[in-house]
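To start, the structure itself, in structure tokens.
What follows draws every value from the coordinates through simple rules; no lab data is involved. Here the structure is a predicted model, which means the values were calculated and not measured. FYI the Cβ positions are ideal-geometry reconstructions off the backbone, even for glycines, and counts take in every protein chain you see.
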Amino acid sequence: MKLPRKIVLVEEGLARLYVPDLSEYIREDGLVEPAWMPVFYNPSARLSRDITILALRAFFNDKKFFFVDLLAGTGVRGIRIALEAGGVGIVNDVDPRAFDFMVENIKLNKLESELAPFNMEANALGNLLTFTGVFVDYVDIDPYGSPIPYIESSLKPLGKKALIGVSATDKGPLACVNKDKTLKRYWLDCADVDFKSELGLRLLTYNIALRASAMNYTITPVLYLSKAHYYRVFYVAERKNPFNVISKCRGYIWYCPTTLERGFKYDRDKEFDCSDGNRPLLIGPLWICPIGDENFARRLLAVLEKTLFLQRREVLKYVEYAQKEFSVNEPFIRLDLLCRKIRADMPNMELLVERLEELGFKASRTHLDPRGLKTNAPLKIVESTILELSGK
Ligand SMILES: C[S@@+](CC[C@H](N)C(=O)[O-])C[C@H]1O[C@@H](n2cnc3c(N)ncnc32)[C@H](O)[C@@H]1O
């Protein structure tokens, strides 16, 4: 075996894996720091991998599919996809040390007939696969930082209808924490908003859709997950004219920082004022269609009932949230800020959601922010409902 001496055997889902000895890479806060390891393995990204398995089982519905895990590290994700979702395919990493781990982990899980390990630069592999006549049904892009450098080469080998799973850890630039970085990477003048984590998803989705569109692919977002240090999103990619989608889903968000009013608009030149007379900030172009599909989330819930090896409690909590929050497209409102504005106490979130639904609106909490409310109710109605609940 070609692996370094300090390795341990771990279990995740149905997979057994050799990984670098995690106890050697513990930070002061007690968490493992994967960036220090010779080969990347992050136990706290398990939810992202569990959700990947669920999404694949829901999308491919027990049918065999061909996949590429482009940036595989130890191979954990690809190995789990083969064992738990029935995929066959390629696990790839440019780092020769990662390649050695992948080879041993494939053997350990007896997947030599299902998985081929590759040691190539990801874009080179994507481009190469384009000319093999093998159509890829699922591609997984799990980079350090931004996925953007890998999008185009990943799309090229896809079949007529495929799924792509994308991670992004550059949450700062995506959420407009540093405007210059956002402009440099995503070509967008952004602004400080209260729905930062949702802004990042809309920006990322728009950028991927734009690249896909140039290659005549339409992408439809079906699932998003946001955790402290990463986003994980899934898109259905179809080889069909993207014009209708891009013209419908490309737009702007207007936002009033003092009144907290917000909304979507198509035409950046059509001007109007916030209710306090100020001009709204305009952010975009970005994706203004839904970024998750409630029907897909419902399918995940059904699949979860039959999938016993996932970390059920955490996955179930996420899927239940997803199902509800995906039904509301409007950017979430930070209730603590809204309550400060109208000088009311924070209401019980569940009661507020219930009351808005009784009034005939859509409303949901969001896993993106514990203080966030997604609703299609006008802001004035949300404010009066909060005041009503607080007895004012
Ligand atoms: C975040 S880690 C992948 C983790 C893995 N997917 C998992 O679930 O544990 C990113 C990996 O991408 C690899 N990598 C970075 N740049 C690459 C490139 N241009 N081509 C192929 N692999 C690359 C790194 O060696 C690293 O193992």
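Key figures
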read-out: Label-point separation, Phe264 to Glu358 (7 Å along Cα→Cβ), nm; value: 3.0
read-out: Footprinting exposure proxy for Phe66, Phe131, Phe326 (fewest neighbouring C-beta atoms within 10 Å first); value: Phe131, Phe66, Phe326
read-out: Summed side-chain charge close to Glu294 - residues other than Glu294 whose Cβ falls under 11 Å, Lys, Arg +1, Asp, Glu -1; value: +2
read-out: C-alpha long axis of helix 96-108 to longest principal axis of the chain, angle in °; value: 80
read-out: Positive-end residue, the chain charge dipole about Cα centroid, Cβ charges, pick of Phe66, Ile342, Cys190; value: Phe66
read-out: Violating pairs (Cα-Cα greater than 19 angstrom) within the set Lys171/Lys317; Lys63/Lys306; Lys324/Lys362; Lys107/Lys156; Lys171/Lys341; Lys240/Lys265; value: Lys171/Lys317; Lys107/Lys156; Lys171/Lys341; Lys240/Lys265
read-out: Point-charge dipole on Cβ atoms (K/R +1, D/E -1) for the chain, about Cα centre, debye to 20; value: 540
read-out: Hull volume in cubic angstrom per residue (convex hull over the Cα atoms of the chain); value: 150
read-out: Sorted by Cβ neighbour density within 10 Å, fewest at the top, the residues Asp95, Asp345; value: Asp345, Asp95
read-out: Degrees separating the helix 46-60 axis from the principal Cα axis of the chain, which is the longest one; value: 90
read-out: Assigned charges on the beta-carbon of Lys, Arg, Asp, Glu; the stretch 318-392 dipole about Cα centre (debye); value: 320
read-out: Spacing of the two label points (7 Å from each Cα toward its C-beta) at Phe272 and Lys380, in nm; value: 1.2
read-out: Relative contact order (%) - criterion: Cα under 8 Å, at least six apart; region: the chain; value: 11
read-out: Contact order normalised by residue count of the stretch 302-392, Cα under 8 Å, 6+ apart, percent; value: 32
read-out: Local net charge near Lys161, Cβ-Cβ under 11 Å (Lys/Arg +1, Asp/Glu -1); value: +1
read-out: Extension reserve of the Glu33-Lys306 stretch, reckoned as 0.36 nm per residue once the Cα distance is removed; value: 95.0 nm
read-out: Computed over the stretch 150-225: relative contact order in percent, which uses C-alpha pairs under 8 Å that are six or more apart; value: 29
read-out: Cys residues of the chain counted as unpaired, since no other Cys beta-carbon is under 4.7 Å; value: Cys339
read-out: Spin-label model distance (nm) - Asp192 vs Glu11, 7 Å beyond Cα toward Cβ; value: 4.9
read-out: Structure-based [θ]222 nm, the chain - -39500 (n - 2.57) summed over DSSP H runs of at least 4, per residue, nearest 500; value: -11000 deg cm²/dmol
read-out: Using alpha-carbon coordinates, inclination of helix 349-358 to the longest axis of the chain, degrees; value: 70
read-out: Two-site FRET efficiency, Arg298 against Asp336, from Cβ-Cβ distance with R₀ of 41 Å, rounded to 0.05; value: 0.85
read-out: Alpha carbon convex hull of the stretch 1-95, projected area averaged over orientations, nm²; value: 6.5
read-out: Leu201, Leu9, Leu111 arranged by Cβ crowding within 10 Å, fewest neighbours leading; value: Leu9, Leu111, Leu201
read-out: Derived scalar couplings ³J(HN,Hα) [the stretch 180-191; Karplus, 6.51 cos²θ - 1.76 cosθ + 1.60; whole Hz; x for Gly, Pro]; value: 5, 5, 5, 5, 5, 7, 10, 6, 9, 7, 9, 8
read-out: Overall dimensions of the stretch 252-392 as given by Cα atoms, namely Rg and Dmax in Å; value: 17.0, 55
read-out: Rg ratio (alpha-carbon, reference 2.2 N^0.38 Å) - the stretch 122-236; value: 1.07
read-out: Residue-span extension gain [Phe131 to Ser44] - 0.36 nm each, minus C-alpha spacing; value: 27.7 nm
